[in-house]
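Here the structure comes first, spelled out in structure tokens, and everything after it is commentary.
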Amino acid sequence: NAGVMQNPRHLVRRRGQEARLRCSPMKGHSHVYWYRQLPEEGLKFMVYLQKENIIDESGMPKERFSAEFPKEGPSILRIQQVVRGDSAAYFCASSPPGSSYEQYFGPGTRLTVT
Amino acid sequence: GNSVTQMEGPVTLSEEAFLTINCTYTATGYPSLFWYVQYPGEGLQLLLKATKADDKGSNKGFEATYRKETTSFHLEKGSVQVSDSAVYFCALSDSNDFNKFYFGSGTKLNVKP
């Protein structure tokens, strides 16, 4: 059983460009979570999604950030008009139905904004 | 609110030394507590967990005891190996809001042969 997959692993964007980060959950998992890790800090919750639904987006910045988890395909975290402060590692986690307290993490995408 | 504080690193030890990484927490409900490990270039892996007070989580020689009276969940290992070199994260999931994990800032462990 493959683990949580994230791509790309490294992404470089210039200020003002868009960044798209993808996450494929583990097989059988229908819950996806996105976390951000700023340099020298712990992971901070951003958003929790189930298929075609955003359940909790209380950690998402109000502007420029959006997330989706379509019926088919990976979950996408989209950052529009990136700024240098968006440079961070973005981690995706997934959990099976009914077991949100056990989250399995992907390797992360390291976004660098130049 | 919920938060996790863990000791800053890096921690550098010689092989076979005793390891302690301190972790304390605040929580509004009844948290479950976790230790995750991140090896270079990889994602976070669950190392151990404890879901109620006085529970002891253990795995691969690591252990941590959920201490409600001191709000702590310190990670220990009696004899570290070079292969234990990694970043360790303490985390909690609160019963009032169990979909979110709250993480400490991570402690880097370097074990020298």
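Rule-based calculations on the coordinates, nothing more; no lab input. Bear in mind that the values here come from a model prediction, so they are computed numbers and not experimental data. Here the Cβ is made from the backbone with ideal geometry for all residues, glycine too, and neighbour counts use every protein chain on show.
Tell me which trypsin sites (Lys or Arg not before Pro) from region A:20-112 have a DSSP coil assignment and no more than 16 other beta carbons within 10 Å of their own.
Those that pass, being in a loop and sparsely packed, are A:K27, A:K51, A:K62, A:R64, A:K71.
To make sure I understand the rule: partners must be lysines, Cα under 17 Å from the Cα of B:K112, and not fewer than 8 residues away in the same chain. Which ones qualify?
B:K77
Could you work out the pair-distance distribution P(r) of chain A from its alpha-carbon pairs, with 10 angstrom bin width and percents rounded to whole numbers?
Percent of pairs per bin, in order: 15, 50, 29, 5, 0.
For the protein assembly as shown, report the convex hull volume of the alpha-carbon atoms normalised per residue, in Å³, without decimals.
123 Å³
Show which lysines lie in cross-link reach of A:K51 when reach means a straight Cα distance below 29 angstrom and same-chain residues fewer than eight apart are skipped.
A:K27, A:K62, A:K71, B:K49, B:K100
Between the DSSP loop rule and a limit of at most 14 other Cβ atoms within 10 Å, which chymotrypsin sites (Phe, Trp or Tyr not before Pro) in region B:1-109 are left?
When the chymotrypsin sites (Phe, Trp or Tyr not before Pro) of region B:1-109 are filtered for loop state and at most 14 Cβ neighbours within 10 Å, B:F18 remain.
For region A:37-43, take each phi angle, set θ = phi - 60°, evaluate the Karplus expression 6.51 cos²θ - 1.76 cosθ + 1.60, and give the result in whole Hz per residue in order, putting x for glycine and proline.
10, 7, x, 6, 10, x, 6
With +1 on each Lys and Arg Cβ and -1 on each Asp and Glu Cβ, how big is the dipole of region A:65-114 about its Cα centre, in debye rounded to the nearest 20?
The calculation lands at about 180 debye.
Please state, rounded to one decimal and in Å, the Kirkwood hydrodynamic radius that chain B gives when every pair of distinct Cα atoms enters the mean of 1/r.
14.0 Å
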